[in-house]
Amino acid sequence: MRRAFALLALLTLPGVATAQSRPRTGPGGRPPSSPADRRGPDVFGGLSYTHAGEAGLKGWHLSGTVPFDGKLRGGSIRLVADLSGHYGTFGSADLGQVTFLAGPRLAWSRRRVTPFAQVLAGVSRARTSLPGAEPPLSVSDTDWGGAVGAGADYRLARRWAVRGQADLILVRGEGVSDANPRLSLGGVYRFGR
């Protein structure tokens with residue numbers, strides 16, 4: 001009986017050793033992904049500030065990302081949809097700016113901190129009104145825009161993180177280009193595993 005167990009052990013040992021030396025694979029036979037890649041979509045909401053021309057505008061910032069099947073130099077690629085609105089006054093004029101952008105984001109997961117960099121493109125709609133004028137005057141303009149930026153998420157819990165982000169919003173319309181810094185701070189909720 002002992003010889004039978006010994007023979008069985010010798011026959012199965014090479015298979016066990018081979019299975020242990022083989023790298024583990026994820027879905028579809030691919031290597032397992034990092035924790036940043038396994039996350040599903042995420043949403044961000046927070047407060048934001050931009051300096052448009054001579055005016056400092058305060059507002060809100062919303063964005064969402066979904067994972068994209070690709071990697072670049074150890075990071076994961078995500079697709080971003082970004083919406084922000086900023087409002088304020090300058091002199092006697094009321095100002096408003098709403099920007100919608102989309103594009104790729106490269107993120108690197110480092111334990112609790114996930115830094116990222118992104119390049120986005122889209123449109124920006126600016127509104128200027130003079131409520132004291134008779135009759136009240138209001139002008140709106142929609143122009144092409146883009147943004148380059150970076151930020152970082154600090155994980156607070158399994159699904160929650162806090163994000164700080166800085167972008168340079170680029171707007172071009174009627175032959176004039178403008179570059180406005182945007183700073184945002186808020187919370188992130190992650191879906192998925």
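Any read-out appearing in this document is the output of simple, stated calculations on the displayed coordinates, not a laboratory observation. These figures come from a predicted structure and were not determined experimentally. So basically every Cβ, Gly included, is an ideal-geometry build from the backbone, and we count neighbours across all protein chains shown.
Restricting to segment 56-96, what's the tally of residues that are small (G, A, S), free of Cβ contacts under 8 Å to residues at least 40 places away in the same chain and more than 15 Å from D153 (Cα to Cα)? Summing the residues that are small (G, A, S), free of Cβ contacts under 8 Å to residues at least 40 places away in the same chain and more than 15 Å from D153 (Cα to Cα) in segment 56-96 gives 10. Within segment 134-157, the set of residues being under 25 Å from E174 (Cα atoms) and without any contact (Cβ under 8 Å) to a residue 40 or more places away in the chain comprises P136, L137, S138, V139, S140, D141, T142, D143, W144, V148, G149. Taking the numbered list (1) within 15 Å of L183 (Cα to Cα); (2) within 20 Å of the chain's Cα centre (by Cα) in turn, R105 passes all entries but (1). If the condition is being of a type in the set (G, A, S), within 20 Å of P181 (Cβ to Cβ) and out of contact with any Lys or Arg (no Cβ under 9 Å at 6 or more places or on another chain), then segment 116-169 contributes A121, G122, S124, A126, A150, G164. Residues that are over 18 Å from the mean Cα position of the chain (by Cα) and of a type outside the set (A, V, I, L, M, F, W, C) within segment 109-140 comprise S124, R125, R127, T128, S129, P131, G132, E134, P135, P136, S138, S140, listed in sequence order.
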